[in-house]
Amino acid sequence: MKERLEALRVEALQELQQVGGPQQLNDLRVKYLGKKGALTEILRGMGSLSAEERPVIGQVGNEVRAAIEEVIEAKQAAFQQAETENRLREETIDVTLPGKKLGAGSIHPLNKVAQEIEDAFIGMGYTIAEGPEVESDFYNFEALNLPKNHPARDMQDSFYVTEDILMRTHTSPVQVRTMKATNGKPVKVICPGKVYRRDDDDATHSFQFNQIEGLVIGPNIRMSDLKGTLLQFVQQMFGKQAQIRLRPSFFPFTEPSAEVDVTCVQCGGHGCRMCKQTGWLEILGCGMVHPRVLEMGGYDPNEVSGFAFGMGVERIALLKYGIDDIRHFYTNDLRFLSQFVRM
Amino acid sequence: MNVSYKWLSEYIDLHGYTGEQLAELMTSGGIEIDVVESRNKGVTGVVVGHVLTREKHPDADKLSVCTLDVGGPEVLQIVCGAKNVAAGQLVPVATIGAVLPGDFAIKRAKLRGVESQGMICSAKELGLNDKLLPKEQQEGILVLPEGTPIGASILDVLAIDDEVLELDLTPNRSDCLSMLGVAYEVGALTGRPVKLPDNRVSDSADHASAHVSVRIEAKEQCSHYSARYIKGVKIGPSPQWMQNRLMAAGIRPISNVVDITNFVMLEYGQPLHAFDADKVEGGRIVVRMAHEGEVMETLDGQERKLDSSMLVITNGIEPIALAGVMGGATSEVTDGTVNILLESARFDGGTIRKTSRQVGLRSESSVRFEKGVDPARVVPALNRAAALMEKYADGLVLEGIVQELAEQPQQTVVKVSIEKINRYLGTDLSKLEIETIFGRLQFPFELSADGVFTVQTPSRRGDITRDVDLIEEVARLYGYDNIPTTAIEGAATPGALTKPQAIRRELRKRLTDAGLHEVISYSFTHPDRTKLFPALTGADLYPVRLALPMSEDRSVLRTSLLPQLLETAAYNRNRKNDDVAIFEIGSVFHTEEAELSRLPHEKHRLAILLTGNKNVAAWNRKAEAYDFYDIKGMIETITDLLGVSGDISYEAAQPEHMHPGRTAAIVFAGERGPVTIGYMGQLHPTTQNDHDLGDTYVLEVELAPLYDAASFDIVYKALPRYPAMERDIAVVLNSDVQAGKLVGAVRETAGELLESVRIFDIYTGEKLGADKKSVALSLVYRHAERTLTDEEVTELHGKVVANLEQSFAAELRK
């Protein structure tokens, strides 16, 4: 019996060496180790053995079973691994093919810049005020120290609808509305929006454009605060190296008034074509709020003072992105707009 | 204002400043200099020559052979092509080795066999603007006045070695519309004194008042009128130096008398007018408003119809000048004029501005009156011009000034304290520093013991009326750059966007994330475009029309956003961009008034346009065209985001220019009942064609109701603790039954236990028969506090099915 067991071991192991696939392996498992398999068949004859022989043969039987099982398991693992490898090989894709992108539209560059400016001032504690684009002459001019026939009205030839109603020429009327609504309390706002001036369109002029103006009124607002505010803003917008330069100017609603230049974004102040070799770019107008404007806004100029500033969004967008023609902003060519997809 | 450096240096020492440096200094002080232009465009070696002889060229009809004395040892022979060359003339001669503008070097040459030792020059060849030359000098060679020294450099004779500063003046600084004003400004910047011109006239026994009378009737429009009488003038050219100055300033010399009035206007900023005294009836000057319909001929030969808003100078009967704007033809100074009635007056700026606009005449004179002339210079300027006419027109200035002063100019006194200056500017200026600045400005002042300056502002600086104006003077002369930078004192304030602003930003973000591009269109459009979508414009509402549009294409304010989005889509398609997905957030304008008397309605709207494919075909996916449900999904996403989906419903609608079977009204459940706040759908095929577009889906919706209803508050609901039960149904019904109605009916019958209902399939086909469709719904039932039993769900679901069968003649599909 022992011999038969040993012969079975040899035969089984030989046959397992030749096994070709998982199915065949399973067949062999059934053939040798199954309930009706060869090993069971041999061991069924143990009943006829003596009490001394039985454990010895049982021992041999277990050894043979273990040896066959070991080989089967090893084979099975090998088959599994081969199968996995095969599957992975089959599943291999060309990772250089393009993926499926998320949608990528663009916020209009003017709004992108406006939002950036707004955020800079929100960070400095400003709120944002808005007002109508069609305005009364009173809010657009008179309350800003520009009575009818004032020579400075020439500076901004306007689109009138009636004698007293016009397209606003700046967002300053929003400042007046804010002052009146604030009832003599301190103010810290910026006013973004579209404005309209009678200009023939060319590369640098547009009859419709966007402005952002700011207004601060409080008990002790100084011109030095205006400089400090603008410097902080400009450095946030154009980088820490940006500096400002103020030149005396004139606006009917501020006194003193100034034009503000910023270090040229192109050359960093060394002088280039963009800044006409001056190293500076004009980007802002500003000044201390004229006492007449404070009075008309419901303030006592002896009690409070304030500063105001204003800038053209188009101008800043042109400089920031190096765009050569203001008309692009209103043509809405997708080849232009899609360049502003980035954050 | 164009300021000649050389001329300016007559009134103030400019030593140590080049033109460029002066420009920089003035710009930093607030008078912006646009450009500094050299009058010398590259001329060297040109001298004054005396034409001794002029012969015809032997071989050329159009050429002359001249001999000239140019002050050297030899007489030069020059061939000249100009018609006007003649013996005896003094002319500019470019000798051998001379250079003319454009690096044109003069060499020895032979012209048709005759040797030429240089060139006689025209004004243009010398780089002068020939439009500014007297008419007779514009053609041919430049003929210089008698007495010009032979051999002298043309650069000196014509004052070409000069620079011109172009001032870009702000409206408050009209004081710099005069050489003296600029000199005061430079004086303030440099601390140097101003030299005033000589305006003394000789004594005369004959009194002007015997020849001239002045009366002002329009006292509000003319506060001062002064006149002098100059007898026996000889009209001729003005001296070369004066012509040079005028040309440098951009004014064409005409004759001595006219040139003197212009010269003094530039010098003092006070416009003057010279009448031919013999053509002023009785020497009477009456200043009054024109009569309605009165007619006069102005100097330019035009008949002008006047109205009662215009100020005129009359001879007591009829107008002889349009005050401050232009003289009349009847009293014009001509070559035969012998006696001059010289006017120096102060007219109201507003009146002159209005008149000059009305008649379309803007002159150097009207511009100065508009901005206001210095009352203290009316008489000095009159005297200066009279003195020059005595000197350069051989006139005799009669004794006395005939004048009426309707209104005494006010002396302006402004007070400002040292403390206020420093508090306002954030500076720490000393008493001495401020005193120095007022001193340089030549503003007389007193300083009180407690540090208050009382400043008498000179009449030339009419812009200074309040303390802040003086503070600005201090600031600009101290230097804006020297003002420190500080932070605002006091408590910090929180900054924030308003709710509508935050919503608009979120819309932008979501829509661009979905691949749309934001556009900004013009607010002005053609009236026809406002008629394209009447449903969006609103019944009984008018568009707002500009009073004076630049063109009909941009003459009214847009009443809806879509027309321009269609144009933008067409524009891009014409540039081979067939896939257009764009949106705009902006205002539209309406009024219910036929004639606007108050501000129109201004409403924020969102508009979306989708046409073409939503993605490009790629190796792993086909191009998919936009459809109705893409645009609907966008508005649904937006209303979900704003938490207002419960207030919004969609109803089939047929507005004009939209596809009647593919358009929905967006209905908002407002407090006062449902209101349509917008539309979405496909454009009508005809409208698509009209705009050169393929299938195009659009949406436009009012934002204000969404702003109001939007809620950003997130209320957390506990996660469900009990299981849900899912049941599907498929029903066959008539294909015109709207899914919305079906879902509504399901919700109504199922009640609170229904957690959600979703349409997961719609099928049409021959098997179902024509006009039939199958709709498959998936329903989820759940109770928040317990597990639902199979029986109760089956019962409820049975009711749902029964209701559908009953209400929609639906057949349950097995």
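Taking the condition open to solvent by 30 Å² or more (accessible area, probe 1.4 Å), farther than 30 Å from residue A:328 by Cβ and touching a strand residue (DSSP E or B) at 6+ places or on another chain (Cβ under 7 Å), does residue A:215 pass?
Numbers: open to solvent by 30 Å² or more (accessible area, probe 1.4 Å): no; farther than 30 Å from residue A:328 by Cβ: yes; touching a strand residue (DSSP E or B) at 6+ places or on another chain (Cβ under 7 Å): yes.
Here the answer is no, as residue A:215 does not meet what is asked.
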Among the residues of segment B:588-626, count how many are at the interface with chain A (Cβ under 9 Å from one of its Cβ atoms) and in contact with a Lys or Arg (Cβ under 6 Å, 6 or more places away or on another chain).
0
Residue check for residue B:548: free of Cβ contacts under 8 Å to residues at least 24 places away in the same chain, in contact with a strand residue (DSSP E or B) (Cβ under 6 Å, 6 or more places away or on another chain), assigned to a loop (DSSP other than H, G, I, E, B) and within 9 Å of chain A (Cβ to nearest Cβ):
no
May I ask you to verify whether residue A:153 is touching a helix residue (DSSP H, G or I) at 6+ places or on another chain (Cβ under 6 Å) and closer than 28 Å to residue B:348 by Cα?
no
Counting residues that are touching a strand residue (DSSP E or B) at 6+ places or on another chain (Cβ under 6 Å) and among the β-branched types (Val, Ile, Thr), which strands (runs of 3 or more DSSP E) fully inside segment B:630-694 reach at least 3?
B:658-670, B:673-683
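Counting only residues that are open to solvent by 20 Å² or more (accessible area, probe 1.4 Å) and assigned to a helix (DSSP H, G or I), which one in segment A:108-135 is farthest from the other protein chains (Cβ to nearest Cβ)?
So, considering only residues that are open to solvent by 20 Å² or more (accessible area, probe 1.4 Å) and assigned to a helix (DSSP H, G or I), the one farthest from the other protein chains (Cβ to nearest Cβ) is A:116.
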Quick one: in segment B:215-239, of everything that is in contact with a helix residue (DSSP H, G or I) (Cβ under 8 Å, 6 or more places away or on another chain) and over 23 Å from residue B:332 (Cβ atoms), which residue is surrounded by the most Cβ atoms within 10 Å (Cβ to Cβ)?
B:221
Could you tell me whether residue B:534 is farther than 15 Å from residue A:331 by Cβ and away from chain A (no Cβ under 11 Å)?
yes
Just checking, does segment B:641-650 include any residue being hydroxyl-bearing (Ser, Thr, Tyr) and within 12 Å of chain A (Cβ to nearest Cβ)?
no
Checked pairs for segment B:772-797, first under 19 Å from residue B:744 (Cα atoms), second small (Gly, Ala, Ser) and exposed (fewer than 14 other Cβ atoms within 10 Å of the Cβ), C-beta under 7 Å and 6 or more apart or across chains, list as B:775/B:739; B:780/B:756
Just a yes or no: is a residue in segment B:474-483 of a type in the set (Gly, Ala, Ser), touching a residue at least 40 places away in the same chain (Cβ under 8 Å), more than 9 Å from chain A (Cβ to nearest Cβ) and within 30 Å of residue B:418 (Cα to Cα)?
yes
Return the pairs, sorted by first residue and then second, in which the second residue is surrounded by fewer than 20 Cβ atoms within 10 Å (Cβ to Cβ) and of a type in the set (Asp, Glu), the first residue lies in segment B:565-587 and is more than 9 Å from every other protein chain (Cβ to nearest Cβ) and in a loop (DSSP other than H, G, I, E, B), the beta carbons are less than 8 Å apart, and the residues are 6+ apart or on different chains.
B:574/B:692
For residue B:640, state whether it is under 44 Å from the mean Cα position of the chain (by Cα) and either at negative phi or not hydroxyl-bearing (Ser, Thr, Tyr) (or both).
no
Just the residues that are within 7 Å of another protein chain (Cβ to nearest Cβ), in contact with a strand residue (DSSP E or B) (Cβ under 7 Å, 6 or more places away or on another chain) and surrounded by 19 or more Cβ atoms within 10 Å (Cβ to Cβ), please, taken from segment B:502-519.
B:508, B:511, B:512, B:516, B:517, B:518, B:519
Would you confirm whether any residue within segment B:602-609 is β-branched (Val, Ile, Thr) and in a strand (DSSP E or B)?
yes
Filter segment B:67-91 down to residues that are among the charged types (D, E, K, R) and touching a residue at least 24 places away in the same chain (Cβ under 8 Å) and give me whichever is most open to solvent (accessible area, probe 1.4 Å).
B:83
Among all residue pairs at least 6 apart or on different chains, which show Cβ distances below 7 Å where the first residue, located in segment A:18-46, is within 17 Å of residue A:67 (Cα to Cα) and the second is open to solvent by 80 Å² or more (accessible area, probe 1.4 Å) and at pLDDT 85 or above?
A:37/A:30; A:37/A:31; A:38/A:31
Yes/no for residue B:186 being touching a residue at least 24 places away in the same chain (Cβ under 8 Å) and closer than 25 Å to residue B:272 by Cβ:
yes
Being open to solvent by 30 Å² or more (accessible area, probe 1.4 Å) and assigned to a strand (DSSP E or B), is that true of even one residue in segment B:362-383?
no
Consider residue A:170 carefully, then state whether it is more than 8 Å from chain B (Cβ to nearest Cβ), open to solvent by less than 40 Å² (accessible area, probe 1.4 Å), within 30 Å of residue B:496 (Cα to Cα) and modelled with pLDDT of 90 or more.
yes
Whether any residue in segment A:136-148 is within 23 Å of residue B:353 (Cβ to Cβ) and facing another protein chain (nearest Cβ under 7 Å) is what I want to check.
yes
Is there a residue being loosely packed, with under 15 Cβ neighbours inside 10 Å and touching a residue at least 40 places away in the same chain (Cβ under 8 Å) anywhere in segment B:608-624?
no
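Yes/no matrix, rows are residues, columns are (1) open to solvent by less than 30 Å² (accessible area, probe 1.4 Å); (2) out of contact with any Leu (no Cβ under 9 Å at 6 or more places or on another chain); (3) closer than 29 Å to residue B:365 by Cβ:
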{"residue": "B:107", "(1), (2), (3)": "no, yes, no"}
{"residue": "B:138", "(1), (2), (3)": "no, yes, yes"}
{"residue": "B:148", "(1), (2), (3)": "yes, no, no"}
{"residue": "B:159", "(1), (2), (3)": "yes, yes, yes"}
{"residue": "B:168", "(1), (2), (3)": "no, yes, yes"}
{"residue": "B:178", "(1), (2), (3)": "yes, no, yes"}
{"residue": "B:181", "(1), (2), (3)": "yes, yes, yes"}
{"residue": "B:191", "(1), (2), (3)": "no, yes, no"}
{"residue": "B:213", "(1), (2), (3)": "no, yes, yes"}
Some residue of segment B:192-201 being out of contact with any helix residue (DSSP H, G or I) (no Cβ under 7 Å at 6 or more places or on another chain), over 29 Å from residue B:319 (Cβ atoms) and part of a helix (DSSP H, G or I)
no
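The values are calculated or read from the model by the stated rules, or taken from the named source; none is laboratory data. This one's a predicted model, so the numbers in the text were calculated from it and none came from an experiment. Here the Cβ is made from the backbone with ideal geometry for all residues, glycine too, and neighbour counts use every protein chain on show. We work out accessible area using only protein heavy atoms, side chains counted, and drop any ligands, DNA or RNA first. Shrake-Rupley method; radii C 1.70, N 1.55, O 1.52, S 1.80 Å.
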